[in-house]
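Colleague: Below is the structure I would like to discuss, written out as structure tokens.
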Amino acid sequence: MQKPPLRCALCCVAVLAMAAQLVGCGSIPNAFEKMYPPYEETASAWPGLPSGAGRVVVFWPSVQGQGSMQAPVSAMLAVDNDKAKLTRIASGMFVFADLTAGTHYFVMTGNKVSMPLVVSAGKTTYLQVFIPQLESTNKPFFSISIANFALRNITASEALESLKPLHHEYKKPVPFTGPHGLAAM
């Protein structure tokens, strides 16, 4: 029996990869994200705010230009330099924290600059993870350093539109600053 030519084998692999993309199973980021609840499901089930606390939703829209077989980009997010207020966040995901009213400091791993944020009791504030270099240049994503991730405070209307396709970093609707410990995977 004669072996098929290499060109034919490569064609078969390409066709299978395209078919997997069409049915949605060829994308590692999509498969990862779909394991976790979407924003609307999480928001409808999250706990009430403790007295004197505000909620901060931190989200990271999917990074444009990620290859279909590339794992989602992720980083650690810390609040007030407190190990009990530390979580992982990936592109295409969101987390939320319930914090006492007052000023809190948020920082992404690798970034030495913390962002101060005033949290108001009974209010929800939105922080978006973004990469300034991707917004100002045409550099390919893989050339961007993790130290270049930044946070920005955005309005509720902007945030709610961006949050629609995103998924919670945890399977349960819990704040990452809660007593649950590590991610409820």
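Colleague: Taking T155 and the conditions (1) under 22 Å from W46 (Cα atoms); (2) modelled with pLDDT under 95; (3) exposed (fewer than 12 other Cβ atoms within 10 Å of the Cβ); (4) among the polar types (S, T, N, Q), which numbered condition does it fall short on, given that it satisfies the others?
Modeller: The number of the failed condition is (2).
Colleague: If you don't mind, another one. From the set of residues in region 158-183 that are in contact with a Phe, Trp or Tyr (Cβ under 9 Å, 6 or more places away or on another chain) and surrounded by fewer than 14 Cβ atoms within 10 Å (Cβ to Cβ), which is modelled with the lowest pLDDT? Working first, answer last.
Modeller: Within region 158-183, the subset in contact with a Phe, Trp or Tyr (Cβ under 9 Å, 6 or more places away or on another chain) is 158-160, 162-171, 173-177, 180, 183.
Filter once more, keeping what is surrounded by fewer than 14 Cβ atoms within 10 Å (Cβ to Cβ): 158, 164-165, 180.
Values: E158: 94, K164: 92, P165: 90, H180: 51.
Filtering first and then ranking leaves H180.
Colleague: How many residues, within region 91-105, are in a strand (DSSP E or B), over 17 Å from T124 (Cβ atoms) and either modelled with pLDDT under 85 or of a type in the set (S, T, Y) (or both)? Lay out the reasoning, then the answer.
Modeller: First pass over region 91-105, keeping only residues in a strand (DSSP E or B): 93-100, 102-105.
Imposing the further condition that a residue be over 17 Å from T124 (Cβ atoms) reduces the set to 93, 105.
So of that shortlist, the ones also either modelled with pLDDT under 85 or of a type in the set (S, T, Y) (or both) come out as 105.
Counting residues in region 91-105 that are in a strand (DSSP E or B), over 17 Å from T124 (Cβ atoms) and either modelled with pLDDT under 85 or of a type in the set (S, T, Y) (or both) gives 1.
Colleague: Shifting gears a bit: Among all residue pairs at least 6 apart or on different chains, which show Cβ distances below 8 Å where the first residue, located in region 36-55, is within 10 Å of P175 (Cβ to Cβ) and in contact (Cβ under 8 Å) with a residue 12 or more places away in the chain and the second is in a loop (DSSP other than H, G, I, E, B) and among the basic types (K, R)?
Modeller: Close Cβ pairs (under 8 Å, with a partner that is in a loop (DSSP other than H, G, I, E, B) and among the basic types (K, R)) amount to R55/K123.
Colleague: Residue check, P29 against (1) assigned to a helix (DSSP H, G or I); (2) over 23 Å from G122 (Cα atoms); (3) at pLDDT 50 or above; (4) not β-branched (V, I, T), all met but one. Which one?
Modeller: (3)
Colleague: Which one is farthest from the chain's Cα centre (by Cα) among residues in region 125-149 that are at pLDDT 60 or above, crowded, with 16+ Cβ neighbours inside 10 Å and not in a loop (DSSP other than H, G, I, E, B)?
Modeller: It comes out as Q133.
The values are calculated or read from the model by the stated rules, or taken from the named source; none is laboratory data. Note that the structure is a prediction, hence the values are computed from the model and not measured. Because the Cβ atoms are built from the backbone with ideal geometry, glycine has one as well, and the counts that use them run over all protein chains shown.
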